[in-house]
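The values are calculated or read from the model by the stated rules, or taken from the named source; none is laboratory data. All figures in this text were calculated on a predicted structure; none of them were measured in a lab. With ideal geometry, Cβ positions are generated from the backbone for all residues, glycine too; neighbour counts draw on all protein chains shown.
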Amino acid sequence: RIRLATQIGSGLSGALYVLDEPSIGLHPRDTGRLLETLRRLRDLGNTVLVVEHDEDTIRAADWIVDIGPGAGEHGGELIVSGPLEAVIAEPRSITGQFLSGKRRIPVPRSRRRGSGRRLEIRGAREHNLKNVDVSIPLGTLTVVTGVSGSGKSTLVNDTLYARLAQLFYGARERPGAHDAIYGIEHLDKVIAIDQSPIGRTPRSNLATYTKAFDPIRNLFAQVPEARARGYDASRFSFNVPGGRCEHCNGEGLMQIEMQFLPDLYVTCEVCGGARYNRETLDIRFRGKNIAEVLELTVEEAAQFFERVPAIREKFQTLIDVGVGYIKIGQPATTLSGGEAQRIKLAAELSRRSTGRTLYILDEPTTGLHFADIERLLKVLQRLVDAGNTVLVIEHNLDVIKTADYIIDMGPEGGDAGGRVVAVGTPEQVAQVEESHTGRYLRAVLGGQ
């Protein structure tokens, strides 16, 4: 936003401005201000090109280019290019279906009351927090809202999560200043599911992260041809010598150091990116070798291994969170933040629930389309239905309106924030005049 302000001040015209999801991390009130800024840039005689999922930004556009219809292998087509009316009129456009109201994320018929137990933070005063007391009902989907800079992340991440991580895992990070946190005895663990990568090297992929690769390697080791040759499961690992291509050490890629530029990766000329040597690739399970299995998408792999429940169930949870289009051998370094976060959620869903876990998500809708948000909410509701507590920092009104309980921070950002403006169900917060979130919620709840 500071960069945008300097561009307006420069008074340039005839320029092309490209913005990638500028509404990330912005409250609906701040998004309105951002759109005013973009209109001023346009009115100066510039072209403004925005990649965006935010409904207000899409509606404000003079021209919309919709790509799809799905994601990954199911996408890559130009669905419609034209004004808002053309997008709404195009039956293949999922964006158009949500804009027209044909598809929508419904408001729940009832709100959960929770388990009756509470997690209470007393006297939080880090950064701009004004000695805040907050009570979070356990067994609910609770959303912390507020304009940018109102103290949401300081309260949830710097104070609550840092303290719980210290208690449960012996974390060294010092929590934000506060008097006490009560009700911790009702929890057995805390898990922060963020958008950081699931792996730092191309060796890490979807199959290895979800632990689906171990049973897959065991299956290949049981093939009669593999047993005759004396191959065990380690033969089908690309992390240890034996079955892997030794030229690229099983990475399928060669790293070229570029001195002062980022490193380049090129496909290995010996294995052609397959990661394995020729002898290993001779072994086939149901007509496919291990490299061909890693090239399957999650949806294809779920069908391919439908007779192996242990593997199929892991892939089914990935389909449930909406990443069925990703190849199971795709390097983790190439996944987007939103994809990484949903893969982490899938890993949590496939674990046996104790019903006493606190999940913390900081703006999980970043980079997500309406249809992806719909899927994400179903996953979060499943975690809560199992008895867990989900605490979300969020600006997205579709998430806020489906919450069981809202804690609205503000009223403004910086020094003018750091207080609790409103708490309660979305309907209760919508009645609070001082709350910016309440004002936007009134319109959303009234329209539904």
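Please determine whether any residue of the range 331-338 is under 19 Å from residue 24 (Cβ atoms) and among the β-branched types (Val, Ile, Thr). Don't jump to the end; show me each part of the working.
Pass one, the range 331-338, residues under 19 Å from residue 24 (Cβ atoms): 335-338.
Still in the list and also among the β-branched types (Val, Ile, Thr): none.
No, because not a single residue in the range 331-338 is under 19 Å from residue 24 (Cβ atoms) and among the β-branched types (Val, Ile, Thr).
Out of (1) touching a residue at least 24 places away in the same chain (Cβ under 8 Å); (2) out of contact with any Pro (no Cβ under 7 Å at 6 or more places or on another chain), the odd one out for residue 171 is which?
Going through (1) touching a residue at least 24 places away in the same chain (Cβ under 8 Å); (2) out of contact with any Pro (no Cβ under 7 Å at 6 or more places or on another chain) one by one, residue 171 breaks only (1).
Given the conditions (1) more than 28 Å from residue 70 (Cβ to Cβ); (2) modelled with pLDDT under 95, which single one is not true for residue 275?
Exception for residue 275: condition (1).
Which residues, counting only those in the range 134-169, are surrounded by fewer than 24 Cβ atoms within 10 Å (Cβ to Cβ) and either on the phi > 0 side of the Ramachandran plot or not assigned by TED's automatic domain parsing to the domain that holds residue 422 (or both)?
If the condition is that a residue be surrounded by fewer than 24 Cβ atoms within 10 Å (Cβ to Cβ) and either on the phi > 0 side of the Ramachandran plot or not assigned by TED's automatic domain parsing to the domain that holds residue 422 (or both), then 139, 149 are the ones that fit.
Under 19 Å from residue 363 (Cα atoms), at pLDDT 90 or above, out of contact with any Cys (no Cβ under 6 Å at 6 or more places or on another chain) and among the β-branched types (Val, Ile, Thr): is that true of residue 31 in this structure?
Judged against the criteria, residue 31 is a match.
How about the range 45-55: which of its residues are surrounded by fewer than 16 Cβ atoms within 10 Å (Cβ to Cβ) and either under 14 Å from residue 99 (Cα atoms) or over 21 Å from the mean Cα position of the chain (by Cα) (or both)?
45, 47, 49
Can you say whether residue 35 is under 25 Å from the mean Cα position of the chain (by Cα) and in a helix (DSSP H, G or I), as far as the supplied structure shows?
Answer is yes for this residue.
As an exercise: evaluate residue 322 against (1) surrounded by 18 or more Cβ atoms within 10 Å (Cβ to Cβ); (2) modelled with pLDDT of 90 or more and give the number of the one condition it does not meet.
The single condition residue 322 does not satisfy is (2).
What residue, among those in the range 230-252 that are charged (D, E, K, R) and in contact (Cβ under 8 Å) with a residue 12 or more places away in the chain, is surrounded by the fewest Cβ atoms within 10 Å (Cβ to Cβ)?
Only one residue fits best here, namely 246.
Identify the residue in the range 339-371 that is part of a helix (DSSP H, G or I) and either in the same structural domain as residue 305 (by TED's automatic domain parsing) or without any contact (Cβ under 8 Å) to a residue 60 or more places away in the chain (or both) and, among all such residues, is farthest from the chain's Cα centre (by Cα).
That would be 349.
Any idea which of (1) in contact with a Leu (Cβ under 8 Å, 6 or more places away or on another chain); (2) more than 30 Å from residue 374 (Cα to Cα) is the one residue 284 doesn't satisfy?
Of the numbered conditions (1) in contact with a Leu (Cβ under 8 Å, 6 or more places away or on another chain); (2) more than 30 Å from residue 374 (Cα to Cα), the odd one out for residue 284 is (1).
Are there any helices (runs of 4 or more DSSP H) wholly within the range 169-236 with 3 or more residues that are of a type in the set (Gly, Ala, Ser) and under 31 Å from the mean Cα position of the chain (by Cα), and if so which?
It comes to none.
List pairs: first in the range 284-295 and assigned to a helix (DSSP H, G or I), second among the β-branched types (Val, Ile, Thr), Cβ under 7 Å, 6+ apart or cross-chain?
290/280; 293/216; 294/328
Here's the yes/no breakdown for (1) without any contact (Cβ under 8 Å) to a residue 12 or more places away in the chain; (2) small (Gly, Ala, Ser):
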{"residue": "143", "(1), (2)": "no, no"}
{"residue": "148", "(1), (2)": "no, yes"}
{"residue": "185", "(1), (2)": "yes, no"}
{"residue": "196", "(1), (2)": "no, yes"}
{"residue": "204", "(1), (2)": "no, yes"}
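Every residue in the range 57-73 that is at pLDDT 95 or above, surrounded by fewer than 18 Cβ atoms within 10 Å (Cβ to Cβ) and part of a helix (DSSP H, G or I), please.
59
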